[in-house]
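The values are calculated or read from the model by the stated rules, or taken from the named source; none is laboratory data. The structure presented is a predicted model; accordingly, all values stated were derived computationally and were not measured. Cβ sites come from the backbone with ideal geometry, for glycine too, and all protein chains shown count toward neighbours. Side chains are part of the model used for accessible areas, which takes the heavy atoms of the whole protein and leaves out ligands, DNA and RNA. Shrake-Rupley method; radii C 1.70, N 1.55, O 1.52, S 1.80 Å.
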Amino acid sequence: MYVFKAAVLGAGTMGAEIAQVISLSGLPVVLKDVDQAQLDRGMAHIRDIYARRVQRGRISEREAEDRIALVTPQTDYRGFADVDLVLEAVPEKLALKQAVLAEVEGQVAKTALLATNTSALPVTEVGAKLQKPQRLVGMHFFFPASVMKLVEVIAGEQTDEESVDSAVEFVEGIRRIAVRVRECPGFLVNRVLMAGLAEVFRAERDLGLGPKEIDALIAASGLAPMGPYALADALGLDIAQEVSETLKEAYGERFDLGGRISGLIADGKRGAKSGEGFYTYTG
Ligand SMILES: NC(=O)c1ccc[n+]([C@@H]2O[C@H](COP(=O)([O-])OP(=O)(O)OC[C@H]3O[C@@H](n4cnc5c(N)ncnc54)[C@H](O)[C@@H]3O)[C@@H](O)[C@H]2O)c1
């Protein structure tokens, strides 16, 4: 199925980035949120991404304006009748995702593809309240989606083959690399990432090193473009905590973060988006 028009639900950390990627490929995309302030922030973020592309000479100012105009920010369901793909990127709460998808199912055509950007929830459960769960796929982008090329495409137990194929086609059409992944807690990438983060926190404790030193060592080793603490801040500490809890439940203690993040979250430090996490952010 060809996607002529897409919609993204949630204009937060991920939703805005994903809408930017879709618009860059020339497709119109509705960006819906329940919070006007979040929509404004999301659109400002999209403009920033395009401004940087213009600065780097990747795109002309005129082209950037045309692409930005493809994104329609709104708080209602106007224009959903001819949307071919809806991707939800609302907070990582199962009941919320189920409710949001069940609601949107009543707004789109019967043929529309539905997708969830969940980091760790089973796609089967996310789709449990749908009338047609066959058309729900996991479409897991990584932060920052405007840069990261990989997208995991996950079939739930009920997802049909046609929906998975359509999702892969869409992902490739927006110039991303689709990897088909079996449904399991954490899928592929978060399973590896969270096990690594737990190990880094254990090393911090055992070796008596601090976040800055560990980040500097890992960056210098060339293993990753940024250290694990900076990455956790960028992902959002609350999201990292939720994902690690799910994985700990599934695979056991090796995913335990040893309380390294929960204390920060309790103090309102949720990473870069809240201005503070392991590091402090201004502006
Ligand atoms: N942050 C990451 O690095 C990352 C990476 C990959 C996947 N994810 C997943 O993406 C999803 C979104 O995460 P995020 O970090 O962007 O969260 P976020 O908190 O930054 O943004 C969520 C947005 O959803 C909006 N929202 C809440 N209820 C809504 C509703 N009923 N309809 C429309 N919008 C609604 C909120 O107002 C907010 O703007 C989660 O499932 C998360 O696990 C996050």
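Structure notes:
- Filtered residue count, the range 5-64, keeping only those that are crowded, with 22+ Cβ neighbours inside 10 Å, more than 18 Å from ILE239 (Cβ to Cβ) and near the ligand (Cβ under 9 Å from one of its atoms): 1
- Number of residues in the range 1-21 that are β-branched (Val, Ile, Thr), assigned to a helix (DSSP H, G or I) and farther than 20 Å from LYS97 by Cβ: the value is 1.
- So ALA109, is it in the same structural domain as VAL126 (by TED's automatic domain parsing) and within 19 Å of VAL147 (Cα to Cα): no
- With a requirement of 1 or more residues that are within 16 Å of the ligand (Cβ to nearest atom), within 25 Å of VAL137 (Cα to Cα) and at pLDDT below 95, the helices (runs of 4 or more DSSP H) lying completely within the range 174-247 that satisfy it span 189-207, 228-235.
- Test: residue in the range 128-151 that is at pLDDT 95 or above, closer than 23 Å to PHE80 by Cα and of a type in the set (Gly, Ala, Ser): yes
- Enumeration of residues in the range 74-102 that are within 11 Å of the ligand (Cβ to nearest atom) and either aromatic (Phe, Trp, Tyr) or farther than 22 Å from GLU242 by Cβ (or both): GLN74, THR75, ASP76, TYR77, VAL86
- Members of the range 103-142 that are away from the ligand (no atom under 11 Å from the Cβ), closer than 15 Å to LEU9 by Cβ, over 18 Å from the mean Cα position of the chain (by Cα) and open to solvent by less than 40 Å² (accessible area, probe 1.4 Å): GLU105, VAL108, ALA112, LEU130
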